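Asker: Dropping a structure here in C-alpha coordinates format, bear with me for questions.
The values are calculated or read from the model by the stated rules, or taken from the named source; none is laboratory data. Because the structure is a prediction, the values reported are computed rather than measured. All Cβ positions, even for glycine, are placed from backbone atoms using ideal geometry, and neighbour counts span all protein chains on display. All accessible areas refer to the heavy atoms of the entire protein, side chains included, with ligands and DNA or RNA removed. Shrake-Rupley method; radii C 1.70, N 1.55, O 1.52, S 1.80 Å.
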Amino acid sequence: MNISYEALYVLAILLIFSVVSFIKKLLDRDGVIIANIFGLAIYLLGNFSSFLVVVIFFAVAEFATKVGRSKVGIAHERRTIGNIVGNGMPALISLALGSLAGFYGGLSAALADTLSSEIGMLSQTKPRLITDLKREVEPGTDGGITPLGLLAGLFGALFIGMIYFLLHGSIAALGIITVCGVIGCIVDSILGATFELKGKLNNMQVNFLGSASGALLAHLLSVILL
(Lines give C-alpha, C1' and ligand atoms only; values in the text may rest on other atoms or scores of the structure.)
Protein backbone atom coordinates (compact mmCIF):
# COMPACT_ATOMS: atom_id res chain seq x y z
CA MET A 1 0.00 0.00 0.00
CA ASN A 2 1.27 3.47 -0.88
CA ILE A 3 2.52 5.18 2.27
CA SER A 4 0.65 8.40 1.49
CA TYR A 5 -2.62 6.47 1.28
CA GLU A 6 -1.75 4.67 4.51
CA ALA A 7 -1.31 7.99 6.29
CA LEU A 8 -4.65 9.21 4.98
CA TYR A 9 -6.35 6.03 6.16
CA VAL A 10 -4.77 6.40 9.60
CA LEU A 11 -5.95 10.00 9.90
CA ALA A 12 -9.44 9.08 8.70
CA ILE A 13 -9.71 6.22 11.20
CA LEU A 14 -8.50 8.46 14.02
CA LEU A 15 -11.04 11.12 13.06
CA ILE A 16 -13.88 8.57 13.09
CA PHE A 17 -12.57 7.18 16.37
CA SER A 18 -12.50 10.65 17.94
CA VAL A 19 -16.04 11.49 16.84
CA VAL A 20 -17.47 8.15 18.00
CA SER A 21 -15.60 8.33 21.31
CA PHE A 22 -16.95 11.84 21.94
CA ILE A 23 -20.55 11.05 20.96
CA LYS A 24 -20.67 7.71 22.79
CA LYS A 25 -18.69 9.12 25.75
CA LEU A 26 -16.16 6.31 25.56
CA LEU A 27 -13.23 8.59 26.44
CA ASP A 28 -12.92 11.93 28.16
CA ARG A 29 -11.40 14.87 26.26
CA ASP A 30 -7.83 14.28 27.38
CA GLY A 31 -8.27 10.57 26.71
CA VAL A 32 -9.28 11.27 23.09
CA ILE A 33 -6.21 13.49 22.58
CA ILE A 34 -3.81 10.97 24.08
CA ALA A 35 -5.43 8.09 22.18
CA ASN A 36 -4.85 9.94 18.89
CA ILE A 37 -1.22 10.59 19.78
CA PHE A 38 -0.86 6.95 20.80
CA GLY A 39 -2.38 5.76 17.51
CA LEU A 40 -0.08 7.96 15.44
CA ALA A 41 2.94 6.80 17.44
CA ILE A 42 2.02 3.15 16.86
CA TYR A 43 1.79 3.79 13.13
CA LEU A 44 5.06 5.70 12.94
CA LEU A 45 7.02 3.24 15.09
CA GLY A 46 5.42 0.18 13.53
CA ASN A 47 3.35 0.14 10.38
CA PHE A 48 -0.24 0.23 9.19
CA SER A 49 -0.83 -3.35 10.37
CA SER A 50 0.32 -2.48 13.89
CA PHE A 51 -2.05 0.48 13.89
CA LEU A 52 -4.98 -1.70 12.79
CA VAL A 53 -4.20 -4.24 15.52
CA VAL A 54 -4.54 -1.47 18.11
CA VAL A 55 -7.82 -0.32 16.54
CA ILE A 56 -9.16 -3.89 16.69
CA PHE A 57 -7.94 -4.19 20.28
CA PHE A 58 -9.88 -1.08 21.29
CA ALA A 59 -13.02 -2.20 19.45
CA VAL A 60 -13.04 -5.63 21.09
CA ALA A 61 -12.33 -4.15 24.53
CA GLU A 62 -15.17 -1.66 24.15
CA PHE A 63 -17.56 -4.36 22.96
CA ALA A 64 -16.71 -6.55 25.95
CA THR A 65 -17.20 -3.61 28.30
CA LYS A 66 -20.57 -2.76 26.79
CA VAL A 67 -21.78 -6.36 26.94
CA GLY A 68 -20.51 -7.06 30.44
CA ARG A 69 -21.75 -3.87 32.06
CA SER A 70 -25.09 -3.61 30.29
CA LYS A 71 -26.05 -7.08 31.48
CA VAL A 72 -25.47 -6.16 35.12
CA GLY A 73 -26.78 -2.61 34.88
CA ILE A 74 -23.46 -0.80 35.44
CA ALA A 75 -22.83 2.37 33.46
CA HIS A 76 -19.84 2.48 31.12
CA GLU A 77 -17.66 5.21 32.60
CA ARG A 78 -15.45 7.24 30.30
CA ARG A 79 -11.96 5.86 29.91
CA THR A 80 -9.13 8.25 30.77
CA ILE A 81 -5.46 8.80 30.04
CA GLY A 82 -4.71 6.28 32.79
CA ASN A 83 -6.54 3.52 30.90
CA ILE A 84 -4.62 4.25 27.71
CA VAL A 85 -1.22 4.49 29.40
CA GLY A 86 -1.77 1.47 31.62
CA ASN A 87 -2.97 -0.82 28.85
CA GLY A 88 -1.11 0.50 25.84
CA MET A 89 2.22 1.97 26.90
CA PRO A 90 4.08 -1.37 27.24
CA ALA A 91 3.10 -2.24 23.65
CA LEU A 92 4.24 1.18 22.44
CA ILE A 93 7.56 0.91 24.27
CA SER A 94 8.07 -2.54 22.75
CA LEU A 95 7.62 -1.13 19.25
CA ALA A 96 10.02 1.69 20.03
CA LEU A 97 12.61 -0.91 21.09
CA GLY A 98 11.99 -2.97 17.96
CA SER A 99 10.24 -5.91 19.63
CA LEU A 100 7.23 -7.07 17.63
CA ALA A 101 6.69 -9.99 20.00
CA GLY A 102 6.70 -7.58 22.94
CA PHE A 103 4.15 -5.39 21.17
CA TYR A 104 1.75 -8.29 20.69
CA GLY A 105 2.50 -9.73 24.13
CA GLY A 106 1.61 -6.43 25.78
CA LEU A 107 -1.65 -6.12 23.86
CA SER A 108 -2.44 -9.76 24.56
CA ALA A 109 -2.07 -9.24 28.31
CA ALA A 110 -4.09 -6.01 28.21
CA LEU A 111 -6.97 -7.55 26.25
CA ALA A 112 -6.94 -10.69 28.39
CA ASP A 113 -7.24 -8.55 31.53
CA THR A 114 -9.99 -6.37 30.04
CA LEU A 115 -12.10 -9.33 28.87
CA SER A 116 -11.49 -11.17 32.12
CA SER A 117 -12.76 -8.21 34.14
CA GLU A 118 -15.68 -7.16 31.93
CA ILE A 119 -17.03 -10.56 30.83
CA GLY A 120 -16.32 -11.91 34.31
CA MET A 121 -19.12 -9.63 35.55
CA LEU A 122 -21.57 -12.00 33.87
CA SER A 123 -20.47 -14.91 36.04
CA GLN A 124 -23.21 -16.60 38.05
CA THR A 125 -20.70 -17.43 40.77
CA LYS A 126 -19.10 -14.87 43.05
CA PRO A 127 -15.46 -13.96 42.39
CA ARG A 128 -12.73 -15.34 44.61
CA LEU A 129 -9.59 -13.47 45.55
CA ILE A 130 -6.71 -14.80 43.45
CA THR A 131 -4.37 -14.78 46.45
CA ASP A 132 -6.90 -16.61 48.65
CA LEU A 133 -9.22 -18.77 46.55
CA LYS A 134 -11.31 -19.68 49.60
CA ARG A 135 -12.33 -16.05 50.04
CA GLU A 136 -15.34 -14.82 48.07
CA VAL A 137 -15.39 -11.12 47.16
CA GLU A 138 -17.84 -8.75 45.55
CA PRO A 139 -17.84 -8.37 41.75
CA GLY A 140 -15.40 -5.69 40.67
CA THR A 141 -13.06 -6.25 43.64
CA ASP A 142 -9.41 -5.85 42.70
CA GLY A 143 -7.85 -9.30 42.35
CA GLY A 144 -11.19 -11.09 42.16
CA ILE A 145 -11.40 -13.87 39.56
CA THR A 146 -14.09 -16.19 38.19
CA PRO A 147 -13.88 -19.23 35.88
CA LEU A 148 -15.85 -17.29 33.26
CA GLY A 149 -13.49 -14.33 33.56
CA LEU A 150 -10.41 -16.53 33.20
CA LEU A 151 -11.91 -18.20 30.13
CA ALA A 152 -12.66 -14.79 28.62
CA GLY A 153 -9.09 -13.73 29.37
CA LEU A 154 -7.77 -16.79 27.58
CA PHE A 155 -9.93 -15.94 24.58
CA GLY A 156 -8.58 -12.37 24.56
CA ALA A 157 -4.98 -13.55 24.64
CA LEU A 158 -5.65 -16.14 21.94
CA PHE A 159 -7.39 -13.52 19.79
CA ILE A 160 -4.28 -11.33 19.71
CA GLY A 161 -2.13 -14.41 19.11
CA MET A 162 -4.30 -15.36 16.14
CA ILE A 163 -3.90 -11.89 14.65
CA TYR A 164 -0.13 -12.28 14.90
CA PHE A 165 -0.36 -15.67 13.22
CA LEU A 166 -2.52 -14.35 10.36
CA LEU A 167 -0.16 -11.42 9.75
CA HIS A 168 3.20 -13.13 10.33
CA GLY A 169 2.51 -16.86 9.97
CA SER A 170 4.22 -18.21 13.08
CA ILE A 171 2.31 -20.87 15.02
CA ALA A 172 5.03 -20.91 17.71
CA ALA A 173 4.65 -17.16 18.23
CA LEU A 174 0.88 -17.61 18.46
CA GLY A 175 1.44 -19.92 21.42
CA ILE A 176 3.96 -17.59 23.03
CA ILE A 177 1.72 -14.54 22.73
CA THR A 178 -1.31 -16.43 24.04
CA VAL A 179 0.55 -17.83 27.04
CA CYS A 180 2.16 -14.48 27.84
CA GLY A 181 -1.22 -12.74 27.61
CA VAL A 182 -2.73 -15.12 30.14
CA ILE A 183 0.28 -14.75 32.44
CA GLY A 184 0.08 -10.95 32.18
CA CYS A 185 -3.61 -11.13 33.09
CA ILE A 186 -2.82 -13.26 36.15
CA VAL A 187 0.00 -10.89 37.17
CA ASP A 188 -2.49 -8.01 36.94
CA SER A 189 -4.92 -9.84 39.24
CA ILE A 190 -2.20 -10.72 41.75
CA LEU A 191 -1.00 -7.11 41.85
CA GLY A 192 -4.59 -5.96 42.20
CA ALA A 193 -5.11 -8.22 45.21
CA THR A 194 -1.81 -7.50 46.92
CA PHE A 195 -1.22 -3.83 46.15
CA GLU A 196 -4.19 -2.07 44.53
CA LEU A 197 -6.69 -3.47 47.04
CA LYS A 198 -4.52 -2.06 49.82
CA GLY A 199 -4.08 1.32 48.13
CA LYS A 200 -0.38 0.86 47.41
CA LEU A 201 -0.80 0.98 43.62
CA ASN A 202 -3.50 2.53 41.47
CA ASN A 203 -5.33 0.95 38.56
CA MET A 204 -3.10 2.50 35.90
CA GLN A 205 0.05 1.21 37.59
CA VAL A 206 -1.35 -2.28 37.98
CA ASN A 207 -2.51 -2.40 34.37
CA PHE A 208 0.87 -1.14 33.19
CA LEU A 209 2.77 -3.76 35.16
CA GLY A 210 0.44 -6.54 34.02
CA SER A 211 0.75 -5.55 30.37
CA ALA A 212 4.49 -4.99 30.73
CA SER A 213 4.95 -8.49 32.15
CA GLY A 214 3.21 -9.94 29.09
CA ALA A 215 5.34 -7.81 26.75
CA LEU A 216 8.64 -8.59 28.46
CA LEU A 217 7.98 -12.32 28.70
CA ALA A 218 6.86 -12.50 25.06
CA HIS A 219 10.05 -10.74 23.98
CA LEU A 220 12.30 -13.01 26.05
CA LEU A 221 10.59 -16.20 24.88
CA SER A 222 10.71 -15.11 21.25
CA VAL A 223 14.46 -14.49 21.54
CA ILE A 224 15.01 -17.89 23.16
CA LEU A 225 12.59 -20.05 21.18
CA LEU A 226 12.11 -18.44 17.78
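Asker: Condition (residue is out of contact with any helix residue (DSSP H, G or I) (no Cβ under 9 Å at 6 or more places or on another chain) and closer than 26 Å to Ala96 by Cα) applied to region 63-77: is it met by at least one residue?
Answerer: no
Asker: May I ask you to verify whether Arg128 is basic (Lys, Arg), more than 19 Å from Cys180 (Cα to Cα), without any contact (Cβ under 8 Å) to a residue 24 or more places away in the chain and open to solvent by 40 Å² or more (accessible area, probe 1.4 Å)?
Answerer: yes
Asker: Considering only region 136-149, how many residues are over 14 Å from Leu197 (Cα atoms) and surrounded by fewer than 20 Cβ atoms within 10 Å (Cβ to Cβ)?
Answerer: So the count comes out to 3.
Asker: Look at Ile84 and say whether it is hydrophobic (A, V, I, L, M, F, W, C) and buried (at least 21 other Cβ atoms within 10 Å of the Cβ). I'd like the intermediate steps shown before the answer.
Answerer: Details: hydrophobic (A, V, I, L, M, F, W, C): yes; buried (at least 21 other Cβ atoms within 10 Å of the Cβ): yes.
Spelling it out, Ile84 is indeed hydrophobic (A, V, I, L, M, F, W, C) and buried (at least 21 other Cβ atoms within 10 Å of the Cβ).
Asker: Here's another thing I want to ask about it. Do we have Ala110 as of a type in the set (A, V, I, L, M) and farther than 23 Å from Thr80 by Cβ here?
Answerer: no
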